[in-house]
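Right, one structure below, let's go through it.
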Amino acid sequence: MDSARQPARKSPAAESPASAARRRFINGVAAAAGGGCLMALGAGLYSRSASALPAQALRPPGALAESDFLAACVRCGLCVRDCPYHILKLADLGEPVPTGTPYFTARQLPCEMCDDIPCVKACPTGALDRELTDINQARMGLAALVDHESCLNFLGLRCDVCYRVCPVIDKAITLETQHNPRSDRHAMLLPTVHSDACTGCGKCEKSCVLPEPAIKVFPRKLAQGALPAHYRKGWEEKARHGGSLIGEQVELPVRGFEGSTAGRSATETVVAPATPEPSAAPAVPVPPSKDISGVVRRGGLDSHWKP
Amino acid sequence: MASVPVSSADSAAPRSLWLRQRWLVLRRLSQALVLLAFLSGPWFGLWIAKGNLSSSLTLGVLPLTDPLLALQTLLTGHLPYSAALTGAAIVLGFYLLVGGRVFCGWVCPVNVVTDAAAWTRRRLGIKTGRVPDAATRYWLLGGILVAAAVTGRLAWEWVNPVSLLHRGLIFGMGGGLFVIAGIFVYDVLVASRGWCGHLCPMGAFYGLLGRTALLRISASKRSACDDCMDCFTVCPEPQVIRPALKAVGQAGPLILSSDCTTCGRCIDVCDKQVFKMTHRFDQRSE
Ligand code: SF4
Ligand code: SF4
Ligand code: SF4
Ligand code: SF4
Ligand code: SF4
């Protein structure tokens, strides 16, 4: 087209109207093709990276829900610049994270949970929501102890590192005592994450002593299940209303479990043994075992070990 | 990027190298300084501007935001904080005043790439290829606005070469280089001035801002023109020159088309010194 417009072009008269029309047509097709290719390229790359965040990429504190975040974040990197620990980076084209958006990888550098949350203050668009003023309310992700086979505490050892480093220790992560069925006289202290307090900072994953961490932090959408909206927990409803909502129930005799449940109301919750007891004969009530701390525990393997 | 004096070896008094490259050098300097303002922080700990062309904060007080990006954000249904909106208003006002495509000539880093591609194409004498219709950029501009509204995301930012390159230069890049290389190859082999002149929706947007631009080029000494065609050859938007230089469809010597990037290259290459940089109301011609 440029050349067509240049007055230098020698033979405008020699060009028949038909060939001029053809040239315009070809130009039009080229335009469509060029534009189309670009759009297709854009759409292709877009769809490739538009799905949910990859498992190991976490958004800065205060980030809107992913779809809103992608509408709001202009990819300016001001949050990256103001993070004093330099944990944030902007995704490059071709990375699984949408191009140019900020994220961090817990295992490389976790969020230090700054009290003044400078990253949120820096964001000019509200992609990082200034409603977040208490960093403990941040929900960057959710930790999950994914590997029960290699976590040292699950092996019955006392590592506890993920628990110790947690900035919200004893709320976001606790150690739950459980009988160690292997030795039968020790406890296992199982690191247990609580979704109502975990900020997803990633410190636990960063500090896990294993070559590949047994505890990992994921975007909440990946880490969390959800109950159906209509689901009500009977015991919570009962507690809230101060009694059963469906009146007193007829007590039916319970057969076969007389030793453990006879005489209980049928509406009373019966606590099932925590673990199956393969060695116990059916229908024979298992005597509660005692662990080293003398706490009576229900369930667990009875190895018949005697001191 | 050195430029080749395309012809006119017969000029009476050869102008100095400086006069032949002045605007190009000033422009490259401006582009480099914009980049340096963002890089002095990470490089030397001297923070002048933070962020990138999409949105930035200069000296801790002046917010600047790309108005096209702010427009797309609004179309997604998200209302940005006032910092981003103020920044967009400032940038919008500036380019409405000075001339929209001043951004292309003096700020945009892709311009260096496409200028290099045009130079290469001239050097290699490549004449082949198919140029898309110049209106394609407006279609693309409409397309990215629609895409933002429909997807509810800043869809164009996934691939926008302008922000890709500028962000990449400041924050590091890898994959984005392929897009930039693609534009270079496209401009050299397929379409002369293909990207900036025909496709880039950002250029189209800033072009639309240029209708009231104060800064303009004037072919004030057009009577001296000896039809050497040097200006047409180097101009990234050659169609803008004719009305002013040859008085086609207008009487005055001002280049009024908002496609003109005010790059001043025509001033540089013209041995007859036909062109000069001036303001919108300067209708003098000698
Ligand atoms: S809270 Fe602090 S460490 Fe965490 S991302 Fe923000 S600035 Fe960085
Ligand atoms: S500061 Fe806000 S808009 Fe800029 S990159 Fe960070 S999250 Fe996105
Ligand atoms: S991510 Fe780990 S360290 Fe951080 S709050 Fe959650 S459990 Fe604690
Ligand atoms: S047309 Fe687009 S890529 Fe070219 S200089 Fe202007 S903004 Fe940059
Ligand atoms: S007319 Fe001159 S200033 Fe305008 S774009 Fe062309 S060469 Fe640049």
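The values are calculated or read from the model by the stated rules, or taken from the named source; none is laboratory data. Bear in mind the structure is a predicted one, so any value in this text is a computation, not a measurement. With ideal geometry, Cβ positions are generated from the backbone for all residues, glycine too; neighbour counts draw on all protein chains shown. Accessible surface areas use protein heavy atoms only, side chains included; no ligands, DNA or RNA. Shrake-Rupley method; radii C 1.70, N 1.55, O 1.52, S 1.80 Å.
Quick notes on this structure:
- Residues that are in a helix (DSSP H, G or I) and either in contact (Cβ under 8 Å) with a residue 12 or more places away in the chain or open to solvent by less than 20 Å² (accessible area, probe 1.4 Å) (or both), drawn from region B:129-150: B:Thr136, B:Arg137, B:Tyr138, B:Leu140, B:Leu141, B:Gly143, B:Ile144, B:Leu145, B:Ala148, B:Ala149
- Screening the candidates A:Ala187, A:Ala197 for the property of being away from ligand 2 (no atom under 16 Å from the Cβ) and over 21 Å from A:Cys111 (Cβ atoms) yields one hit, A:Ala187.
- Yes/no for A:Leu189 being part of a loop (DSSP other than H, G, I, E, B) and either open to solvent by less than 70 Å² (accessible area, probe 1.4 Å) or in contact (Cβ under 8 Å) with a residue 24 or more places away in the chain (or both): no
- Only one entry of A:Glu237, A:Glu176, A:Glu149, A:Glu212 meets the criterion of being away from ligand 3 (no atom under 12 Å from the Cβ), under 21 Å from A:Ile87 (Cα atoms) and out of contact with any helix residue (DSSP H, G or I) (no Cβ under 9 Å at 6 or more places or on another chain), and that entry is A:Glu212.
- Residue check, A:Ala57 modelled with pLDDT under 95, within 16 Å of ligand 3 (Cβ to nearest atom) and among the hydrophobic types (A, V, I, L, M, F, W, C): yes
- With respect to (1) open to solvent by 30 Å² or more (accessible area, probe 1.4 Å); (2) of a type in the set (A, V, I, L, M, F, W, C); (3) more than 8 Å from chain A (Cβ to nearest Cβ); (4) touching a strand residue (DSSP E or B) at 6+ places or on another chain (Cβ under 7 Å), the lone exception for B:Ala89 is condition (4).
- Residue that is nearest to the other protein chains (Cβ to nearest Cβ) [pool: residues in region B:225-251 that are surrounded by fewer than 22 Cβ atoms within 10 Å (Cβ to Cβ) and within 16 Å of ligand 4 (Cβ to nearest atom)]: B:Gln239
- Candidates in region A:211-221 are the residues that are at pLDDT 90 or above and open to solvent by 90 Å² or more (accessible area, probe 1.4 Å); of these, the one that is nearest to A:Leu58 (Cα to Cα) is A:Glu212.
- Residues of region A:159-182 that turn out to be part of a loop (DSSP other than H, G, I, E, B) and open to solvent by 60 Å² or more (accessible area, probe 1.4 Å), as a count: 4
- Boolean, B:Ile267 is surrounded by fewer than 22 Cβ atoms within 10 Å (Cβ to Cβ) and either more than 16 Å from ligand 4 (Cβ to nearest atom) or under 24 Å from B:Leu209 (Cα atoms) (or both): yes
- Among the residues listed as A:Gly126, A:Gly156, the single one being within 14 Å of another protein chain (Cβ to nearest Cβ) and either outside any loop (DSSP other than H, G, I, E, B) or away from ligand 4 (no atom under 16 Å from the Cβ) (or both): A:Gly126
- Any hit, region B:178-192, residues being within 12 Å of chain A (Cβ to nearest Cβ) and within 13 Å of the chain's Cα centre (by Cα): no
- For region A:89-117, the set of residues classified as more than 10 Å from every other protein chain (Cβ to nearest Cβ) and either without any contact (Cβ under 8 Å) to a residue 40 or more places away in the chain or open to solvent by 50 Å² or more (accessible area, probe 1.4 Å) (or both) consists of A:Pro96, A:Arg107, A:Gln108, A:Leu109, A:Glu112, A:Cys114, A:Asp115, A:Asp116, listed by residue number.
- For region B:175-194, the count of residues that are farther than 19 Å from B:Arg27 by Cα, away from ligand 3 (no atom under 16 Å from the Cβ), out of contact with any Ser or Thr (no Cβ under 7 Å at 6 or more places or on another chain) and at pLDDT below 85 is nonzero.
- Residue match in region B:222-244 (condition: β-branched (Val, Ile, Thr), within 20 Å of B:Gly93 (Cα to Cα) and more than 16 Å from ligand 1 (Cβ to nearest atom)): no
- Among the residues of region A:129-149, those that are within 15 Å of ligand 1 (Cβ to nearest atom), away from chain B (no Cβ under 12 Å) and open to solvent by 30 Å² or more (accessible area, probe 1.4 Å) comprise A:Thr133, A:Asp134, A:Asn136, A:Gln137, A:Arg139.
- Exactly one residue out of B:Thr73, B:Thr58, B:Thr65 is more than 8 Å from chain A (Cβ to nearest Cβ), of a type in the set (Val, Ile, Thr) and within 25 Å of the chain's Cα centre (by Cα): that is B:Thr58.
- Per the conditions (1) open to solvent by 10 Å² or more (accessible area, probe 1.4 Å); (2) more than 13 Å from chain B (Cβ to nearest Cβ), the sole criterion not satisfied by A:Pro60 is (1).
- Some residue of region B:79-86 being touching a residue at least 24 places away in the same chain (Cβ under 8 Å), surrounded by 24 or more Cβ atoms within 10 Å (Cβ to Cβ) and away from ligand 5 (no atom under 16 Å from the Cβ): yes
- Residue in region B:201-214 that is away from ligand 4 (no atom under 16 Å from the Cβ), assigned to a helix (DSSP H, G or I), in contact (Cβ under 8 Å) with a residue 12 or more places away in the chain and within 14 Å of another protein chain (Cβ to nearest Cβ) present: no
- Single match in B:Arg123, B:Arg27, B:Arg20 (criterion: within 23 Å of B:Ala204 (Cβ to Cβ) and either within 14 Å of chain A (Cβ to nearest Cβ) or in contact (Cβ under 8 Å) with a residue 24 or more places away in the chain (or both)): B:Arg27
- Residues of region A:67-88 satisfying the condition of being more than 7 Å from every other protein chain (Cβ to nearest Cβ) and either assigned to a loop (DSSP other than H, G, I, E, B) or modelled with pLDDT under 90 (or both): A:Cys73, A:Cys83, A:Pro84, A:Tyr85, A:His86, A:Ile87, A:Leu88
- Condition broken by A:Leu142, with the remaining ones in (1) farther than 22 Å from A:Cys208 by Cβ; (2) in contact with a Cys (Cβ under 6 Å, 6 or more places away or on another chain) satisfied: (1)
- Complete set of residues in region A:125-147 that are over 17 Å from the mean Cα position of the chain (by Cα) and farther than 30 Å from B:Ala89 by Cα: A:Asp134, A:Ile135
- Within region B:215-225, being closer than 30 Å to B:Gln72 by Cα and in a loop (DSSP other than H, G, I, E, B) holds for no residue.
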